[in-house]
Amino acid sequence: MNRRTLVKYLGLSIPSYLLSKHAGASLLDIPAPPFAAGPFNASWESLQNYTVPEWYRNAKFGIWAHWGPQCEPEHGDWYARGMYEEGSDHYKYHVQKYGHPSKFGFKDVINQWKADQWDPEHLVALYKRVGAKYFFAMANHHDNMDLWDSKYQPWNAMKVGPKKDLIGGWAKAAKNQGLPFGVSVHAAHAYTWYEVAQGADKNGPLAGMPYDGKLTKAAGKGAWWQGLDPQALYAQNHPLSEGGDMGKHWDWGAGAAKPSNAYCELFMKRTMELIDKYEPELIYFDDTVLPFYPLNDTGLQIAAHHYNQSIKRNKGKLQAVLNGKILNEMQRKCMVWDIERGQSNVIEPFTWQTDTCIGGWHYDKRVYEGKRYKTAKTVVQTLVDVVSKNGNLLLNIPVKGNGTIDDQETAILEEVAAWMKLNSECIYDTRPWKVFGEGPAMQEAAALSAQGFNEGKGKPLGAGDMRFTVKGDILYTILLGWPEDGKINIKSLAAGNAFRPGSISKIEMFGGGELRFQQNAVALEVMLPENRPPLQYAVVLKIS
């Protein structure tokens with residue numbers, strides 16, 4: 001008789017995390033959720049029948065709360081890894097604030113995280129007012145903590161840290177605001193990402209003292225985490241990657257340790273539970289293509305389950321979106337290509353998305369203190385550029401450890417809201433035109449690198465740069481800088497240009513009324529008013 005059967009026989013109730021096996025194995029006797037029946041199966045051939053839903057193509061703009069326990073120190077991205085890298089910025093901060101990582105590890109940072117001022121209803125309502133048409137919340141990061149009431153991961157936000165179902169709260173707030181709900185899933189990487197937690201200092205008074213990455217459940221007797229197995233969090237009951245090349249990905253050719261079957265299976269169970277329990281229409285995987293690709297079909301199985309569940313929920317209509325990175329042409333038919341911190345330089349044939357942030361991914365108070373957030377101008381111009389190329393913008397607003405956003409972030413959002421209130425007609429429900437734009441910045445555009453990462457590397461957008469979107473017979477021209485002579489020349493609309501056959505009857509500027517214009521063989525010349533609009537970094541002309 002196994003432990004679960006014995007517990008049931010005796011009429012006892014024991015939390016699932018007390019029934020866990022040794023490090024790296026699945027939790028005892030908890031079956032996987034059933035796979036959703038439907039037209040999709042775990043193959044690329046099947047997934048090529050996917051069609052991006054129209055609501056997503058029309059939405060264009062989403063906001064993301066990339067928020068988890070690594071925001072508690074408010075010291076920036078990848079804290080749970082950097083704190084174990086001797087001499088690093090995060091390590092020095094951690095030793096000063098919390099103590100040495102052999103005595104106070106990331107599991108203990110989680111215990112410090114209370115999220116005591118978190119108000120999801122307020123935040124999601126704000127994001128909707130700013131103009132977001134969908135909302136994303138982070139479900140887990142490389143730190144491997146699930147931010148929902150998970151029966152497959154004992155290190156979850158209901159049992160440790162905030163003691164709240166964070167994904168449940170975000171999902172409810174999104175539903176109340178009528179916004180499609182999305183989750184981002186990053187935990188496939190924890191197996192190698194946390195390898196530094198197996199290490200120890202090489203110098204100083206605690207040289208050779210192991211960090212807490214190899215601790216077992218037995219070591220917790222009398223500690224706050226008694227009954228929990230640290231290996232369910234750190235997943236480090238395995239040899240280090242070859243050559244000490246820790247943190248690398250298994251498909252990078254660097255000898256990275258390949259995750260065990262048990263680790264992959266547990267990840268799949270966790271993610272399927274997330275889909276079934278909170279019904280997200282959008283999932284973002286922080287992975288090359290899909291989780292554990294190309295090692296196994298875990299990601300393909302999750303993708304098929306996600307699509308089939310969406311069809312079931314929506315009475316036969318597929319409304320789901322799935323984002324992955326570094327996709328080939330075939331894979332872009334199966335899901336939505338995501339470019340991290342970057343933009344395509346062409347009109348893409350398939351809908352795509354860029355994900356970026358106004359600061360760091362995890363909250364960093366140093367960005368706030370140094371006033372280093374992206375400006376509203378940068379956010380709006382990025383949105384316009386992305387939409388002109390058949391893309392969507394997913395924008396992260398970093399959340400503080402306590403669950404709030406700061407005053408600088410709020411000010412940026414309010415300015416974006418003001419621009420959207422006047423100009424959103426050129427964004428929502430539009431499609432790319434025959435060319436995405438004109439201007440000097442196009443000649444110095446930066447190429448994409450790996451996941452993307454060309455953001456801010458090209459010539460800055462300014463006077464003379466413009467982007468186009470279209471809706472029916474209306475062409476929108478968005479001027480990304482105000483010309484000093486008060487005149488704009490649109491070469492793509494020159495008389496006789498094949499891009500826009502037929503005559504132009506009227507040109508209006510949002511917030512500025514009807515404008516004078518004339519066409520010649522060189523360009524369409526538009527005379528702008530003397531009084532400049534308040535947000536002149538993205539002025540919209542409506543051309544009928």
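Residue by residue through the range 93-131, note down the ones that are more than 28 Å from the chain's Cα centre (by Cα) and either in a helix (DSSP H, G or I) or not small (Gly, Ala, Ser) (or both).
Residues of the range 93-131 more than 28 Å from the chain's Cα centre (by Cα): 95-104.
Listed by number, the residues that qualify are Val95, Gln96, Lys97, Tyr98, His100, Pro101, Lys103, Phe104.
Does any residue of the range 34-48 turn out to be farther than 30 Å from Phe350 by Cβ, loosely packed, with under 15 Cβ neighbours inside 10 Å and either assigned by TED's automatic domain parsing to the domain that holds Ser150 or modelled with pLDDT of 95 or more (or both)?
Checking the range 34-48: at least one residue is farther than 30 Å from Phe350 by Cβ, loosely packed, with under 15 Cβ neighbours inside 10 Å and either assigned by TED's automatic domain parsing to the domain that holds Ser150 or modelled with pLDDT of 95 or more (or both).
Looking only at the range 515-531, decide whether some residue is in contact (Cβ under 8 Å) with a residue 40 or more places away in the chain and of a type in the set (Phe, Trp, Tyr).
no
Looking at the range 82-96, I want the residues that are among the hydrophobic types (A, V, I, L, M, F, W, C) and have a partner that is assigned to a loop (DSSP other than H, G, I, E, B) with Cβ atoms under 7 Å, at least 6 apart or on another chain. Which pairs are those?
What qualifies is Met83/Pro101.
Every residue, every condition in (1) within 16 Å of the chain's Cα centre (by Cα); (2) of a type in the set (Lys, Arg); (3) outside any loop (DSSP other than H, G, I, E, B), yes or no:
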position	(1), (2), (3)
Tyr50	no, no, no
Arg57	no, yes, yes
Trp64	yes, no, yes
Gln70	yes, no, yes
Tyr84	no, no, no
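Just one of the numbered conditions (1) modelled with pLDDT of 90 or more; (2) more than 30 Å from Trp55 (Cα to Cα) is not true of Pro460; which one?
Every condition holds for Pro460 apart from (1).
Each row is one residue, and each column tells you yes or no for (1) surrounded by fewer than 15 Cβ atoms within 10 Å (Cβ to Cβ); (2) out of contact with any Phe, Trp or Tyr (no Cβ under 9 Å at 6 or more places or on another chain); (3) more than 30 Å from Ile110 (Cβ to Cβ).
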site	(1), (2), (3)
Val399	no, no, no
Glu409	no, no, no
Glu414	yes, yes, yes
Cys426	no, no, yes
Ser449	yes, yes, yes
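Being buried (at least 19 other Cβ atoms within 10 Å of the Cβ) and part of a helix (DSSP H, G or I) is the requirement here; does Ala219 meet it?
no
Just to be sure, is Met272 farther than 22 Å from Phe106 by Cβ and at pLDDT 95 or above?
yes
Is there a residue being among the hydroxyl-bearing types (Ser, Thr, Tyr), in contact (Cβ under 8 Å) with a residue 24 or more places away in the chain and in contact with a Gly (Cβ under 6 Å, 6 or more places away or on another chain) anywhere in the range 369-384?
Yes; the residues of the range 369-384 include at least one that is among the hydroxyl-bearing types (Ser, Thr, Tyr), in contact (Cβ under 8 Å) with a residue 24 or more places away in the chain and in contact with a Gly (Cβ under 6 Å, 6 or more places away or on another chain).
So which of Ile326, Ile358 ends up being among the β-branched types (Val, Ile, Thr) and closer than 28 Å to Gln536 by Cα?
From the options Ile326, Ile358, the qualifying one is Ile358.
Let me spell it out: the conditions are (1) buried (at least 24 other Cβ atoms within 10 Å of the Cβ); (2) at pLDDT below 95, and Arg341 meets all of them except one. Which number is the exception?
(1)
Here is a yes/no grid of residues against (1) of a type in the set (Asp, Glu); (2) free of Cβ contacts under 8 Å to residues at least 60 places away in the same chain; (3) over 19 Å from Ile110 (Cα atoms):
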site: Ala139; (1), (2), (3): no, no, no
site: Met145; (1), (2), (3): no, no, no
site: Gln177; (1), (2), (3): no, yes, yes
site: Pro180; (1), (2), (3): no, no, yes
site: Val185; (1), (2), (3): no, no, no
site: Gln198; (1), (2), (3): no, yes, no
site: Leu206; (1), (2), (3): no, no, yes
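The values are calculated or read from the model by the stated rules, or taken from the named source; none is laboratory data. Owing to the predicted nature of the structure, the values given are computational and were not obtained by experimental measurement. For neighbour counting, all protein chains shown are included, and Cβ atoms are generated from backbone atoms with ideal geometry for every residue, glycine included.
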